[in-house]
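J.: Just passing along the structure, written as structure tokens.
The values are calculated or read from the model by the stated rules, or taken from the named source; none is laboratory data. Note that the structure is predicted; figures quoted are calculated from it, not measured. Backbone-built Cβ (ideal geometry, glycine too); neighbour counts: all protein chains shown.
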Amino acid sequence: MFFPTDLLNIGFCQIEMRELESAMEIFVKLKTSRDEIGINSYSIDVGLAFLNSCVGAKKEAEDLAEKLYVDRENSQLVGTGYK
């Protein structure tokens, strides 16, 4: 059994390994159930925007990127990510 954060991490690992179809399945599944599972939707949208750009879905990628940009501009949160 996987927790939503596990699936998110697996999805990002699949992106790194260029397993784009498998990653897309995970991110779409997470997007459709994000309200139920209470996971950070920002991370899901980042993954989907990148995947859409990789598979040539330019309009979807642009729409998500614009949404992310607006959300970032309106956000009061400041943080640093580490890898």
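J.: Check whether at least one residue in segment 62-72 is among the hydroxyl-bearing types (Ser, Thr, Tyr), closer than 25 Å to residue 20 by Cβ, surrounded by fewer than 12 Cβ atoms within 10 Å (Cβ to Cβ) and at pLDDT below 95, and report yes or no. Steps first, answer last, please.
T.: So the first thing to find is which residues in segment 62-72 are among the hydroxyl-bearing types (Ser, Thr, Tyr), and the list is 69.
So of that shortlist, the ones also closer than 25 Å to residue 20 by Cβ come out as 69.
Narrowing further to those that are surrounded by fewer than 12 Cβ atoms within 10 Å (Cβ to Cβ): 69.
When the remaining residues are screened for being at pLDDT below 95, the result is 69.
Among the residues of segment 62-72, at least one is among the hydroxyl-bearing types (Ser, Thr, Tyr), closer than 25 Å to residue 20 by Cβ, surrounded by fewer than 12 Cβ atoms within 10 Å (Cβ to Cβ) and at pLDDT below 95, which makes the answer yes.
J.: Residues in segment 8-24 that are free of Cβ contacts under 8 Å to residues at least 24 places away in the same chain and under 11 Å from the mean Cα position of the chain (by Cα): how many? Don't jump to the end; show me each part of the working.
T.: Looking only at segment 8-24, we keep the residues that are free of Cβ contacts under 8 Å to residues at least 24 places away in the same chain, and these are 9-10, 13-14, 16-19, 21-22.
Narrowing further to those that are under 11 Å from the mean Cα position of the chain (by Cα): 9.
Selection size over segment 8-24: 1.
This table checks each residue for (1) outside any helix (DSSP H, G or I); (2) of a type outside the set (A, V, I, L, M); (3) more than 11 Å from the chain's Cα centre (by Cα).
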| site | (1), (2), (3) |
| --- | --- |
| 26 | no, no, no |
| 53 | no, yes, yes |
| 56 | yes, yes, yes |
| 60 | no, yes, yes |
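J.: Quick one: in segment 13-38, which of the residues that are buried (at least 17 other Cβ atoms within 10 Å of the Cβ) and of a type outside the set (Val, Ile, Thr) is modelled with the lowest pLDDT?
T.: If we filter segment 13-38 for residues that are buried (at least 17 other Cβ atoms within 10 Å of the Cβ), which is where we start, we get 14-15, 23-24, 26-27, 30.
Among the residues that remain, those that are also of a type outside the set (Val, Ile, Thr) are: 14, 23-24, 27, 30.
Working: 14: 96, 23: 96, 24: 95, 27: 93, 30: 90.
My answer is 30.
J.: Within segment 39-49, identify whether any single residue is more than 10 Å from the chain's Cα centre (by Cα), more than 17 Å from residue 15 (Cα to Cα) and either modelled with pLDDT under 80 or not in a helix (DSSP H, G or I) (or both), and answer yes or no. Before the answer, list the steps.
T.: As a first pass, look at segment 39-49 and keep what is more than 10 Å from the chain's Cα centre (by Cα): 39.
Next cut, more than 17 Å from residue 15 (Cα to Cα) only: 39.
With the extra rule that they be either modelled with pLDDT under 80 or not in a helix (DSSP H, G or I) (or both), the set shrinks to 39.
Checked against the condition, which is being more than 10 Å from the chain's Cα centre (by Cα), more than 17 Å from residue 15 (Cα to Cα) and either modelled with pLDDT under 80 or not in a helix (DSSP H, G or I) (or both), segment 39-49 yields at least one hit.
J.: Could you count how many residues in segment 4-56 are within 23 Å of residue 71 (Cα to Cα) and not hydrophobic (A, V, I, L, M, F, W, C)?
T.: Total meeting the criteria: 20.
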